[in-house]
Structures are given as structure tokens and as C-alpha cells.
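The values are calculated or read from the model by the stated rules, or taken from the named source; none is laboratory data. Predicted, not measured: the structure shown is a model, and the values here were computed from it. Every residue, glycine as well, gets a Cβ built from its backbone with ideal geometry; the counts of neighbours run over all protein chains shown.
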Amino acid sequence: MARRGENIYKRKDGRWEGRYKSGFYSNGKTKYASVYGKSYTEVKTLLAGKKDELIKAITPCCLTVNELFDLWLNDRCACSKESTVANYRMKIEKHILPLLGGVRYKDLTTIILNGFVSQKMSEGLSAKYVYDIAVLLKSICKYADRHYNCGNKAEYMDMPKKEKLPEKALLSHTEREKLIRFLMTNCSLKYVGILLSASTGMRIGEVCGLKWSDIDLEKRIITVKRTVQRISDKSGGTATRIVVTSPKSKSSVREIPIPDAIFAILLKLAGKSDAYILSDSTEPLEPRALQYRFKALLKSLNTTCVTFHSLRHSFATTCIEIGVDIKTLSELLGHSSVEITLNRYVHSSLKRKAECMRMFSASFAA
């Protein structure tokens, strides 16, 4: 079985085999070669030597964008989360390589790069998404300049302007009350994940990653320390797999006081410490299953169809409405800055705006 993150396997004949990328075919597809040894350690050492040989043999002026991204991605694997690398690979293989993969880096120009960005915008992708793709292009150009002294071809590249995202569709106040009332009176392991997100603002992957050992019923604290994600497998193809990893960022590892309203429910449902809460087993429930469960519940309650992530937005908006300070809310949500909380998760309703204008009008009469 292969070690995670490495292409090293034990063969049926007892030997170990390690595969590595040895180059590219004329159509841009990757060539592979193998090394063999009597042990995992021996093969790992041989692979490291082959990779060093390939890098030394590279003539910088002849590198293609495809080859550079392959080197850059291999470098990023050492310091990035597996899910992050999978996301990079998907964007690179789906959007960048089909158009620029065969172009030699020395032939890249600002005009070509700006044309690429314009084409992606014309395909109907959001400015935010194209911006993220362009950031990858900038990163590879900086990598080429830093490691091979090829110059930064993206230094004057135009970045798409990120438009303000529309506010996320939320349940109305009445619909949210209806949902919470149902969850409080019918809560079981089937629905506790929805209740937890609605009452704490946890992300869907964080809820799926919760174990009973993460809940201190004595101190009434939930510790968020892992997340469950479905990522593309290996080379960014259609195959996917579930991974359990650390949360989105360092700020996402946090402690959340258990709301009094759901403490009794958690106390009643408490299971074995090593079991995931939502699955009641040592294997987590995948986020997609929880999304389907949430969608089916909304349909049965005859409410607006919103995404699971809207629960997090509703939690943030409700906290602001009842007077929770923005710093505390930001930490509860696991954000790295209060700006993220304000710009993405706090929604102002027409009712709230009218209330503010009434307060302003009252100041005229004073």
C-alpha cells in the first residue's frame, strides 16, 4: 500500500517500487519512470536522488509552464495541507495547463498572461475565482525567478478586480425559528450536526470531524481540532476521497462554549469518546451526506432552500443583532481577522436598517 503523499508501493514480489515524473510527452502529458529497492527507505532515497538529477538537468530557458507547475507543486507539497495541494492541482489542470501548459516560460509575456485572464473572465467565471487562478500564475512566476533566475513574467500582469459577493441567501426569521424549534424537539444523532452548526457557527467539515472526546461536558466546551473534506485524488482527476485533516487555519482551532440550550441534548446523546458524533462510529460522516440531510429537512419543513453554510451566516448575523462584539464573534467563527467576519458573515436586514434610521430620526428631535 502506498504511503500517503508518496508514490511508493510494496510489490507482490516483496520489492519496493517508487514512481517519479521523468518528463513530459509532446502533448503535455506526464512521463513516469520507476526505481526499485529492498526497503521503503532505500526507494525513498533513490527517488530523492532522481528528483535532484532532474532539477539539475533542467535548462531554465526551455522550461514549459507545465514543467514549472510540476516543480512548484512538488515544492508546495512539503509545506501545505493535502486538501490545499489538491485544490491547487485542480485549478492548474482544469484552467491553466490547457491554455498555457505547452508554452515555454521564456516565451510568456504580459500580453499573453492578460489575455489568459480576459479569456477566463469571458467564460463566465467569477472575478474572485479568476483572481485565485491568477494568483497561482503569479506564484509560479515568482518560483521561476527565485529558483532559476528566469525573471518574474507576471510582475505587470493585470489582476481581475474582485467584486463584492452578493449576500448569502438565508432563512427568514420565521423560518429559522421553525427550524430551531424542530431541531430542539426532535434532535437525535441524525440532526445534531445541523443543530450544532446553527447554534455555534461551525463549518460543515468541522461538525463532521467532531468526536465525543472533543466535547467536555463538565466544562461545557467544544474543541474544534479537525475537519472532514472530500478532495480530488492524486492528479486532480474525477476520482475523490475523504480526508480528515486539521481545520482551515490556525485560527480555526478553537474552543467554543456549549450554549445552554443544547447542553442537555448533547448530554443525552453522548457516546464513546473515540466515536465521531454524527456517525456514532470510528469513521466520520462525510459532509455531502450532511448536506443532503439538511436539504431534505428544509423540504419537509416547507422552508426556503438554502445551503448548509447559510447556518454559519445566520449564526453570525444573529450574534450581531443581540449585541455580541465583533472580536468575540470572529474568534467563535475561527476567523484570522475581524475584517473577514464583517465583510463575509454579517448581514444587515431591511428591518435592521429601518431601526437604525428610526434611531437617527430620534436624534433630530432631541
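Each row is one residue, and each column tells you yes or no for (1) among the hydrophobic types (A, V, I, L, M, F, W, C); (2) under 30 Å from His95 (Cβ atoms); (3) in the same structural domain as Leu329 (by TED's automatic domain parsing); (4) loosely packed, with under 13 Cβ neighbours inside 10 Å.
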site: Asp145; (1), (2), (3), (4): no, yes, no, no
site: Ile180; (1), (2), (3), (4): yes, no, yes, no
site: Thr200; (1), (2), (3), (4): no, no, yes, no
site: Trp212; (1), (2), (3), (4): yes, no, yes, no
site: Glu218; (1), (2), (3), (4): no, no, yes, yes
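Would you be able to tell me the number of residues in the stretch 321-337 that are in a helix (DSSP H, G or I) and at pLDDT 85 or above? Spell out how you get there, then give the answer.
So the first thing to find is which residues in the stretch 321-337 are in a helix (DSSP H, G or I), and the list is 321, 326-333.
If we keep only those that are at pLDDT 85 or above as well, we get 326-333.
Result for the stretch 321-337: 8.
Do we find a residue being part of a loop (DSSP other than H, G, I, E, B) and exposed (fewer than 12 other Cβ atoms within 10 Å of the Cβ) anywhere in the stretch 243-260?
Among the residues of the stretch 243-260, at least one is part of a loop (DSSP other than H, G, I, E, B) and exposed (fewer than 12 other Cβ atoms within 10 Å of the Cβ), which makes the answer yes.
Test each condition in (1) assigned by TED's automatic domain parsing to the domain that holds Leu68; (2) part of a helix (DSSP H, G or I) for Met184 and report the one that comes out false.
Condition (1) is where Met184 drops out.
For Ile140, indicate whether it is modelled with pLDDT of 90 or more and touching a His at 6+ places or on another chain (Cβ under 6 Å).
Details: modelled with pLDDT of 90 or more: yes; touching a His at 6+ places or on another chain (Cβ under 6 Å): no.
So Ile140 does not fit the description; no.
Yes or no: Lys225 among the charged types (D, E, K, R), assigned by TED's automatic domain parsing to the domain that holds Gly271 and in contact (Cβ under 8 Å) with a residue 12 or more places away in the chain? Can you show your working first?
On the way: among the charged types (D, E, K, R): yes; assigned by TED's automatic domain parsing to the domain that holds Gly271: yes; in contact (Cβ under 8 Å) with a residue 12 or more places away in the chain: yes.
Yes.
I'd like to verify a number: residues in the stretch 19-43 that are modelled with pLDDT of 85 or more and loosely packed, with under 15 Cβ neighbours inside 10 Å, how many? Show your work before the answer.
Let us first name the residues in the stretch 19-43 that are modelled with pLDDT of 85 or more, namely 19, 33-43.
Cutting the leftovers down to loosely packed, with under 15 Cβ neighbours inside 10 Å gives us 33, 36, 38-39, 41.
Here the count works out to 5.
Name every residue in the stretch 76-89 that is touching a residue at least 40 places away in the same chain (Cβ under 8 Å) and within 23 Å of Leu99 (Cβ to Cβ), in order of residue number.
Passing the criteria: Ala86, Asn87, Tyr88, Arg89.
Condition (residue is assigned by TED's automatic domain parsing to the domain that holds Glu255, out of contact with any Ser or Thr (no Cβ under 7 Å at 6 or more places or on another chain), part of a loop (DSSP other than H, G, I, E, B) and surrounded by fewer than 20 Cβ atoms within 10 Å (Cβ to Cβ)) applied to the stretch 287-300: is it met by at least one residue? Spell out the reasoning first.
Kept after step one, since they are assigned by TED's automatic domain parsing to the domain that holds Glu255, are these residues of the stretch 287-300: 287-300.
Within this subset, residues satisfying the condition of being out of contact with any Ser or Thr (no Cβ under 7 Å at 6 or more places or on another chain) are 287-300.
Remaining after also requiring part of a loop (DSSP other than H, G, I, E, B): none.
Scanning the stretch 287-300 turns up no residue that is assigned by TED's automatic domain parsing to the domain that holds Glu255, out of contact with any Ser or Thr (no Cβ under 7 Å at 6 or more places or on another chain), part of a loop (DSSP other than H, G, I, E, B) and surrounded by fewer than 20 Cβ atoms within 10 Å (Cβ to Cβ).
Right, Ile194: in contact with a Phe, Trp or Tyr (Cβ under 9 Å, 6 or more places away or on another chain), more than 30 Å from Ala275 (Cα to Cα), assigned to a helix (DSSP H, G or I) and not aromatic (Phe, Trp, Tyr) or not?
Values: in contact with a Phe, Trp or Tyr (Cβ under 9 Å, 6 or more places away or on another chain): yes; more than 30 Å from Ala275 (Cα to Cα): no; assigned to a helix (DSSP H, G or I): yes; not aromatic (Phe, Trp, Tyr): yes.
No; evaluated as a whole, the condition is false for this residue.
For the stretch 261-286, which residues satisfy the criterion of being surrounded by 12 or more Cβ atoms within 10 Å (Cβ to Cβ) and of a type in the set (Ser, Thr, Tyr)?
Those that are surrounded by 12 or more Cβ atoms within 10 Å (Cβ to Cβ) and of a type in the set (Ser, Thr, Tyr): Tyr276, Ser279, Ser281.
Can you name the residue in the stretch 286-320 that is among the β-branched types (Val, Ile, Thr) and at pLDDT 90 or above and, of all such residues, is farthest from the chain's Cα centre (by Cα)?
Step one: filter the stretch 286-320 for residues among the β-branched types (Val, Ile, Thr), giving 303-304, 306-307, 317-318, 320.
From the residues that got through so far, the ones that are at pLDDT 90 or above too are 303-304, 306-307.
Values: Thr303: 28, Thr304: 26, Val306: 20, Thr307: 16 Å.
Across the stretch 286-320, the extreme among qualifying residues is Thr303.
Looking only at residues that are within 28 Å of the chain's Cα centre (by Cα) and surrounded by 10 or more Cβ atoms within 10 Å (Cβ to Cβ) in the stretch 2-18, which one is modelled with the highest pLDDT? If you could, list the steps in order and put the result at the bottom.
Going through the stretch 2-18, the residues within 28 Å of the chain's Cα centre (by Cα) turn out to be 2-8.
Narrowing further to those that are surrounded by 10 or more Cβ atoms within 10 Å (Cβ to Cβ): 2-3, 5-8.
On the way: Ala2: 49, Arg3: 51, Gly5: 49, Glu6: 65, Asn7: 79, Ile8: 87.
It comes out as Ile8.
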